[in-house]
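All of the numbers you see were taken from the coordinates with simple rules; none came from a lab. Nothing here was measured: the structure is a model prediction, and the numbers come from that model. Positions of Cβ are backbone-derived with ideal geometry, glycine not excepted, and every protein chain shown enters the neighbour counts.
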Amino acid sequence: MERLLPKPDSRAAAITMLGKTLDLCPEKVASAKPQYLTKLWNSLDRVTEPHFQYDLTFILGCKQKIMGQPPMAPNPLATAAAPIPPAAAPMAPMPMASMPMASMPMASVPMASMPMGAAGTFGQPPPVAPIAPPAAIPPAEPARGLYAASVLHGHEDIVYSLAWDPVTCTLFSGGRESNLLMWDQAGIQKSKMSLPGYSTAAIDCHKRGNFVGIGGMPMEGNAVPPMVAFFDVAQNWKSR
């Protein structure tokens with residue numbers, strides 16, 4: 001793992017294998033020597049690409065379960081309630097004027113000196129220039145990212161690995177269950193191959209399209225060793 005993680009072309013495979021090992025064989029990882037585990041955790045510090053953050057979070061969760069560490073607590077500053085501002089004091093009601101209307105002084109400005117409206121009528125406000133409408137807002141660009149073009153249904157458990165064979169135009173998928181599924185370009189399941197007692201941890205297609213390699217991990221409760229098998233496409237998936 002220390003040799004695979006520093007290399008960009010093998011880093012994805014190393015992280016995938018580490019996540020599957022922590023998920024499927026936690027007791028073997030827990031029984032490893034502490035100095036080896038320390039080197040393993042330290043080697044993950046070299047992985048800084050943002051597209052690996054989901055895998056690193058999954059690996060950290062498995063590590064905490066295996067090592068008996070408590071999960072990371074949320075940031076208390078992010079969940080603290082905001083202080084409640086003090087209520088504003090109510091405004092005291094304004095007293096009514098006690099002076100009678102008849103005793104209030106009249107304005108000393110003569111009516112003739114008061115400004116006239118543009119129409120020549122007293123009390124009419126001057127004309128207001130029309131307000132120009134706001135400029136049109138350009139439409140927002142569509143959000144960029146990855147979107148599901150189609151969803152294939154057929155597996156009964158978690159899917160671990162996918163492989164595309166460009167020669168036969170076949171998509172291979174396998175996971176925790178003991179079935180290897182094959183799909184055509186339209187997303188229709190072509191066939192299914194059973195691997196009794198094994199989960200499919202990895203799949204790879206030969207570049208000439210004549211055989212497929214599968215890495216199998218023993219399922220829980222099956223006392224069988226891990227295996228790597230090759231199946232011949234031309235001979236109806238007979239094992240090599």
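Treat the count of other C-beta atoms within 10 Å as a stand-in for reagent exposure and order Glu2, Glu177, Glu220 from fewest to most.
Ascending Cβ contact count within 10 Å gives the list Glu220, Glu2, Glu177.
I'd like the FRET efficiency for Ala12 and Ala135, computed as 1/(1 + (r/R0)^6) with the beta carbon distance as r and R0 of 41 Å, rounded to 0.05.
0.30
Could you put Ser199, Ser191, Ser43 in order, starting from the residue whose Cβ has the fewest other Cβ atoms within 10 Å?
Ser191, Ser43, Ser199
Per residue and in Å³, how big is the convex hull formed by the alpha-carbon atoms of the stretch 1-65?
For the stretch 1-65, the hull spanned by Cα atoms encloses 76 Å³ per residue.
With r defined as the distance between the Cβ atoms of Arg3 and Thr168 and R0 fixed at 45 Å, what FRET efficiency is calculated, to the nearest 0.05?
For Arg3 and Thr168, the calculated efficiency is 0.85.
What nm distance separates the two modelled labels at Gln185 and Phe52, each placed 7 Å from Cα along Cα→Cβ?
Spacing of the two 7 Å Cα→Cβ label points: 3.5 nm.
Could you list, in their original order, any pairs among Lys63/Lys207; Lys20/Lys207; Lys7/Lys39; Lys39/Lys65; Lys7/Lys190 whose Cα atoms are separated by more than 27 Å?
Result: Lys63/Lys207; Lys7/Lys190 exceed 27 Å.
Taking θ = phi - 60°, what integer Hz values does the Karplus form 6.51 cos²θ - 1.76 cosθ + 1.60 yield along the stretch 8-20, in sequence order, with x for Gly and Pro?
x, 6, 10, 5, 5, 5, 5, 5, 5, 4, 5, x, 5
Please work out how much length the chain gains when fully extended from Lys207 to Lys39, using 0.36 nm per residue of separation minus the C-alpha to C-alpha distance, in nm with one decimal.
Fully extending the segment from Lys207 to Lys39 adds 57.0 nm.
Quick check on the exposure proxy: order Val228, Val159 from fewest to most C-beta atoms within 10 angstrom.
Starting with the residue having the fewest Cβ neighbours, the order is Val228, Val159.
For Arg144 and Met227, what is the calculated FRET efficiency with R₀ set at 45 Å and r taken between the beta-carbons, to the nearest 0.05?
0.60
Enumerate the amide H contacts of Phe211 below 5 Å, restricted to partners 5 or more residues apart or on another chain; note that Pro and chain-start residues carry no placed amide H.
Amide H to amide H, under 5 Å and 5 or more residues apart or across chains, Phe211 pairs with His206, Val233.
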